[in-house]
Amino acid sequence: MIFEGVRFAWPGSARFRLTVNNFVLARGERLLLIGPSGSGKSTFLSLLAGIVAPDQGTVTVLDTDLGHLKSSARDRFRSEHFGIIFQQFNLLPYASVVDNVALPLSFSPKRRARALAHGGVELEARRLLDRLGLDAAAIDGARASNLSVGQQQRVAAARALIGSPELIVADEPTSSLDRNHQQAFLDLLFADLDRAGTTLIMVSHDESLASRFSRVVRLDEFARVERGTAA
């Protein structure tokens, strides 16, 4: 994926602008993106995943210029090619664990086809949960709202991984875990990423995780944030 000459400001905002002149993420790379709160990390991820389009410049992902796609087309592209692990997990609170994991397949025919090729949607969901250290059989029938933080984290990761998307974007996924649980979670996550050859970009403010990644970059090394005053 490549950012070239990108400029972006949120609609109606005169106080924030993100500029990325050049950024490249190679396929299969494991990148840790470091930056404090408010540094523009979430805006950068929104551009990367096609949630928003740049005001200027190009964001190219898998040879597709996202800025040339309409909003609905970017949504479809994201569903097909991205798995996203949100900081707050964003699970459906009253849905079952397996239904939460399988949710992306409702919006992605390609990912659904890959899951079916691995033995079926439910079997693939349970396999991923098991690989991530969560016994699906032990929580059958449980609602996501009744799970512990660590269990919710693993469900969120399995949801991102199901159907083998080419890119995983993880936004502070270990922020609520202690050091031992952070390392155990990364062990499990990387094992499944390696199996599928998936590209990972993970955002964190925790530089102690750096040794686990093939490249570590601070956002301010390649991006500039401008903060003016309201008009």
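The values are calculated or read from the model by the stated rules, or taken from the named source; none is laboratory data. Predicted model only: the values in this text are computed from it and were never measured. Methodologically, a virtual Cβ is constructed for each residue, glycine included, from the backbone with ideal geometry; neighbour enumeration extends over all protein chains shown.
Within this structure, ILE51 fails the test of being under 16 Å from the mean Cα position of the chain (by Cα), modelled with pLDDT under 95 and part of a strand (DSSP E or B). Beta carbons closer than 9 Å, at least 6 apart along the sequence or on distinct chains, pair a first residue in the range 68-84 that is within 11 Å of VAL52 (Cα to Cα) and without any contact (Cβ under 8 Å) to a residue 60 or more places away in the chain with a second that is of a type in the set (Lys, Arg) and surrounded by fewer than 19 Cβ atoms within 10 Å (Cβ to Cβ) for LEU69/ARG76. Being more than 24 Å from GLY28 (Cβ to Cβ), buried (at least 19 other Cβ atoms within 10 Å of the Cβ) and not hydrophobic (A, V, I, L, M, F, W, C) is a condition met by no residue of the range 132-143. One residue stands out among those in the range 4-43 that are part of a helix (DSSP H, G or I) and out of contact with any helix residue (DSSP H, G or I) (no Cβ under 9 Å at 6 or more places or on another chain): the one that is farthest from SER214 (Cα to Cα), which is THR43. Filter the range 67-80 for residues that are part of a helix (DSSP H, G or I), surrounded by fewer than 19 Cβ atoms within 10 Å (Cβ to Cβ) and not small (Gly, Ala, Ser) and give the result. If the condition is that a residue be part of a helix (DSSP H, G or I), surrounded by fewer than 19 Cβ atoms within 10 Å (Cβ to Cβ) and not small (Gly, Ala, Ser), then HIS68, ASP75, ARG76, PHE77, GLU80 are the ones that fit.
Of the strands (runs of 3 or more DSSP E) lying entirely inside the range 113-231, those containing at least 1 residues that are at pLDDT below 90 and over 18 Å from GLN87 (Cα atoms) are 223-226.
Would you say LEU62 is touching a residue at least 60 places away in the same chain (Cβ under 8 Å), under 18 Å from the mean Cα position of the chain (by Cα) and at positive phi?
Considered against the rule, which asks whether it is touching a residue at least 60 places away in the same chain (Cβ under 8 Å), under 18 Å from the mean Cα position of the chain (by Cα) and at positive phi, LEU62 comes out as yes.
Within the range 165-181, residues that are on the phi > 0 side of the Ramachandran plot sit with their Cβ atoms under 7 Å from residues that are among the hydroxyl-bearing types (Ser, Thr, Tyr) and in a strand (DSSP E or B), at 6+ positions apart or across chains, in these pairs: GLU172/SER204.
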